[in-house]
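The values are calculated or read from the model by the stated rules, or taken from the named source; none is laboratory data. Small disclaimer: the values here were computed from a predicted structure and weren't measured. Glycine also receives a Cβ, built like all others from the backbone with ideal geometry; neighbour counts cover every protein chain displayed.
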Amino acid sequence: MSAFVLVMALVGISYVAGLFGPGRSIRGLGLPSGIEWVAVGVVLGPGVLGVIDHAVQTDVEPIVFVAVGWLALVLGVDYGVIRRRRLRAGRIALGLVAGAVTLAAVSGAVWLAAPHVALFATLGPLDRLVLALGAGAVATESTSNAIRWVAERHGARGPLSELLDDLAEAKDAAPILAAGVAVCLRPSTTLDDSVARALPAQPLVLFGAALGTGLLLGGAAAILLRKETRGEQRWGILVGTVLLAVGAMARLGLPVVTSLFGLGLAVGLLSRHRDEVSAMIDPTRRGALLPALLLAGARLEPTTALSAAALFAVALGARAVALATVGVAVGRGARLLAGPAMLSSGELSVAIGLSLALAVPGAIGESLLALSVVGALLGELVGPVALRAALRRAGEIGRAHDAPSDDAPAPDEKEAAA
Amino acid sequence: MSGGGHARERQTLFDRVQQAAVLALLFGLLYAATRAVPQAAGALSSVAGIGFLLLAGTLASELLEPLRIPHLTAYILAGMLAGPYGLHLLDHETVTELSKTNSLALALIALAGGAELRLVDLRKTARSLAWTTLFQSLFTFIFTTALFFAFTGFLPFARDLPFAERAAVSLLWGVVAVTRSPSATLGVLAQTRANGPVAQATLASVMVSDVVVLVVLAVTLTLVRPLIEPGATLSMTKLVGLGHELLGSVSLGTTLGLVLVVYLRFIGRQLVLVLLLLGFGFTEVLKYLHFEPLLTFLVAGFIVQNLSSQGEKFLRALDGVGAVVYVVFFAGAGAHLEIPILRQLGVIALALCLGRVAFAWLANRAAARVAGDPPVLRRWGWVGLVSQAGIALGVGSVIERNLPGYGAQVRALVIATVAINEMLGPVLFKTVLDRTGESRTDDHA
């Protein structure tokens, strides 16, 4: 398959995703993490059908960067806001702490375990740190999609479902920042000698540059959006800013996800049209996500994944323990189940995994992408079940909702019918 | 195209200062990125390039608006400044990569052009359109050919050519002169939301000229072949091919138009992605089939507007996507302008441009008199026909392929004249639309 045909096919996938609407996945079409598209990618990838071979993957890398960057922008604009409800500072802080705990646990476990896994036994301290931080970054997310999916399907409402939703939302910043640090530890592009000599503490400066550029461009976009009421011009400003940031970051070998998250964050915080901007870009989320998931599947290297299986077990075990700890600490009415209820991961993890695979080529990047997919897959199996149980334990799911049929109307449809 | 008809808040001096600061920031950012990593990262640098041109073009158009400069001219200027001959923020490779977006822009332009042609209006102006097309094509072709022939003595590459070959090159130059710019016309019309006799007549005339150019080019190439290649005989192959191309394009355009009507009527969502698929994917299919994309999309747009009630909805969708795509298209064209060639051939190119403008004016006077056009058309009907862009460059490339040895130099001259007309034409057209009161935005008031 040529890169051009693949791009057209990806546009077609985005079309189908958009046609079935952003809310449909919550109501039954597709899994909350969208992991089934990774499976499609695996089948189309070089390991099975070979439709998307390595050469094509290289050709479409810019699209991957743009898709991942766009997702990060959407997450940034909506950070701290759930359906127009702004999270309290305390909730955001709690979410960040939960994220930091998970990140630290996974990173620490991977750091300790890496020398004992043959694939990583010879890694130097810097690469080991990149691997550990990267693993933490891809294993920290708790996708709020899964929580809303369960909540909507079962009509759950109450303090626990709201708390879990808030934590999942607020946690996102931690893995995004960690992924940024991991990429800056080993930037993939060689800086011009004169520039490299002028930078003393390179990783720190590079990380600051990536996040700062995102924030600066986000501020600029907010200024331009301030007086702009024309929809098409708003699109122009957003698309232009995102492409410039993605292109510049990719050229410099800096973390696209972190920079674009900063960009979205600045737009969300500084623009008085945040709600309109969010309403504009939110429907595009799934359209950008599905092609990224498919390409992530195609990039998976089964051999590397099998060699790193032991490390994955350690990382995901650490994640489960960390989330269980968080659950015990904050889970109202379902302390033991709240942790496993947060095990679902998805779009952010895979997006970070994909961007790390692009930024850190070789076994480390391939393993991190595979870890993100395995984590999402396990989360898909355990997360919704545990979440249902936790919400039932907390009394937020009534018995009438226990066994919904697929053709039962979603809550908002019922409201509309009423 | 930006500057749509929606209301927006008035810009204050503080806003302009902020916009200038953001523009400076963008230039600074790209400058820093290109200096920190001098080696361009292939297609990734074009991602940054598209983003930069989109923002810089939009900001430049806002900043230059008080001077009443058309937005598309501002986009071109922004591209020139950032391009390989300006600050070199975008290198040649990036600019070439950017031209991949042209097929999308041209598809949107042709679809919008077709959809703007309403049968009701065309019926009213059919007589005027027919005379204008005939006179503009014939006068411009004949007189520009003669003018170029007179100039061949001053052109280094043509000076020593035999008489027959000089005549052949001059005839081909005549074809270049007949080309107009649908993109520039639609760009100015979209910004000004102009509606009136000059706007309507210009749009119809420019769109019809697309088809005329195809015919004139094929006929001329057939005629000049024996003059360029000793021993070559007159062959009708090109004309037969042209017949297939035109007929196929119209048929496929009609089918596409009907499919779009059904889609708009029964689904009507995700139009942005549908237009992307058409602009990139369907254009490739058309090229593979050796059909003319511009004509196909033009017919499709025309069908949607005139055979259904979906025309306005379709135009709104095209406006929305076009607002983003046209900025990149024109700014990319600005970055592509080869300033050194303009410097080298500027005087002759300017003389040829002025001659073309004079012949367009003359043809307009004659056509308006015969057709009995209203005074406003008699006076200003020629102004919208000055702009030249992509089609002229395309004809230039065909000429380059067909002329042995000195084709590249002829093409360089084409590029120089297009550069002048691309800058001059939109400014003239917008000024006239403002002056005749056909513009409907408030920036000309």
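Quick notes on this one:
- For B:GLU65, the criteria (1) without any contact (Cβ under 8 Å) to a residue 60 or more places away in the chain; (2) within 23 Å of B:VAL386 (Cα to Cα); (3) not aromatic (Phe, Trp, Tyr) hold in every case but one, which is (1).
- Of the residues screened, B:THR133 is one that is surrounded by fewer than 23 Cβ atoms within 10 Å (Cβ to Cβ), β-branched (Val, Ile, Thr), closer than 29 Å to B:SER308 by Cα and modelled with pLDDT of 90 or more.
- Annotation note: of A:THR190, A:THR140, the sole residue that is at pLDDT 90 or above, on the phi < 0 side of the Ramachandran plot and hydroxyl-bearing (Ser, Thr, Tyr) is A:THR140.
- Taken over region B:263-310, the criterion of being closer than 20 Å to B:PRO182 by Cα and without any contact (Cβ under 8 Å) to a residue 40 or more places away in the chain is satisfied by B:LEU286, B:LYS287.
- Odd one out for A:ALA222, checked against (1) touching a residue at least 12 places away in the same chain (Cβ under 8 Å); (2) surrounded by fewer than 24 Cβ atoms within 10 Å (Cβ to Cβ); (3) at the interface with chain B (Cβ under 7 Å from one of its Cβ atoms): (3)
- The listed residues are B:ALA168, B:ALA190, and the only one of them that is out of contact with any Asp or Glu (no Cβ under 7 Å at 6 or more places or on another chain), hydrophobic (A, V, I, L, M, F, W, C) and either on the phi < 0 side of the Ramachandran plot or surrounded by fewer than 24 Cβ atoms within 10 Å (Cβ to Cβ) (or both) turns out to be B:ALA168.
- Count of region B:300-328 residues, restricted to those that are in contact with a Phe, Trp or Tyr (Cβ under 8 Å, 6 or more places away or on another chain) and under 26 Å from B:GLU97 (Cβ atoms), is 5.
- Verdict on A:THR258 being β-branched (Val, Ile, Thr), under 18 Å from the mean Cα position of the chain (by Cα) and surrounded by fewer than 24 Cβ atoms within 10 Å (Cβ to Cβ): no
- Residues that are farther than 20 Å from A:GLN233 by Cβ, at pLDDT 85 or above and not in a helix (DSSP H, G or I), drawn from region B:32-84: B:GLY83, B:PRO84
- Residue in region A:247-268 that is under 21 Å from A:ALA363 (Cβ atoms), within 14 Å of another protein chain (Cβ to nearest Cβ) and not β-branched (Val, Ile, Thr) present: yes
- Where a residue in region B:217-232 is assigned by TED's automatic domain parsing to the domain that holds B:PHE163 and its partner, wherever it lies, is of a type in the set (D, E, K, R) and modelled with pLDDT of 80 or more, with Cβ under 7 Å and at least six apart: B:LEU227/B:GLU165; B:ILE228/B:GLU165
- Looking across region B:60-77 at every residue that is surrounded by 23 or more Cβ atoms within 10 Å (Cβ to Cβ) and among the hydrophobic types (A, V, I, L, M, F, W, C), the one that is farthest from the other protein chains (Cβ to nearest Cβ) is identified as B:ILE76.
- Some residue of region B:241-258 being more than 10 Å from chain A (Cβ to nearest Cβ), assigned to a helix (DSSP H, G or I), more than 28 Å from B:VAL212 (Cα to Cα) and over 23 Å from the mean Cα position of the chain (by Cα): no
- When region B:123-162 is filtered for residues that are among the β-branched types (Val, Ile, Thr), closer than 20 Å to B:THR202 by Cβ and in contact with a Gly (Cβ under 6 Å, 6 or more places away or on another chain), only B:THR144 remains.
- Taking region B:223-237 as the range and being under 30 Å from B:GLY384 (Cβ atoms) and either of a type in the set (Asp, Glu) or surrounded by fewer than 20 Cβ atoms within 10 Å (Cβ to Cβ) (or both) as the test, only B:LEU223 passes.
Results for (1) in contact with a strand residue (DSSP E or B) (Cβ under 6 Å, 6 or more places away or on another chain); (2) within 25 Å of B:ALA194 (Cβ to Cβ); (3) buried (at least 21 other Cβ atoms within 10 Å of the Cβ); (4) in contact (Cβ under 8 Å) with a residue 40 or more places away in the chain, shown as yes or no for each residue.
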| residue | (1), (2), (3), (4) |
| --- | --- |
| B:GLU338 | no, no, no, yes |
| B:LEU350 | no, no, no, yes |
| B:LEU362 | no, yes, no, yes |
| B:LEU377 | no, yes, yes, yes |
| B:GLY396 | no, no, yes, yes |
| B:GLU400 | no, no, no, no |
| B:VAL427 | no, yes, no, yes |
| B:THR436 | no, yes, no, yes |
| B:ARG440 | no, yes, no, yes |
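- Residue selected from region B:36-51 under the condition more than 7 Å from chain A (Cβ to nearest Cβ) and farther than 15 Å from A:VAL242 by Cβ, by the criterion surrounded by the most Cβ atoms within 10 Å (Cβ to Cβ): B:ALA40
- Elements of the type helices (runs of 4 or more DSSP H) sitting completely within region A:297-356 and holding at least 3 residues that are out of contact with any Leu (no Cβ under 9 Å at 6 or more places or on another chain): these cover A:302-307, A:309-330.
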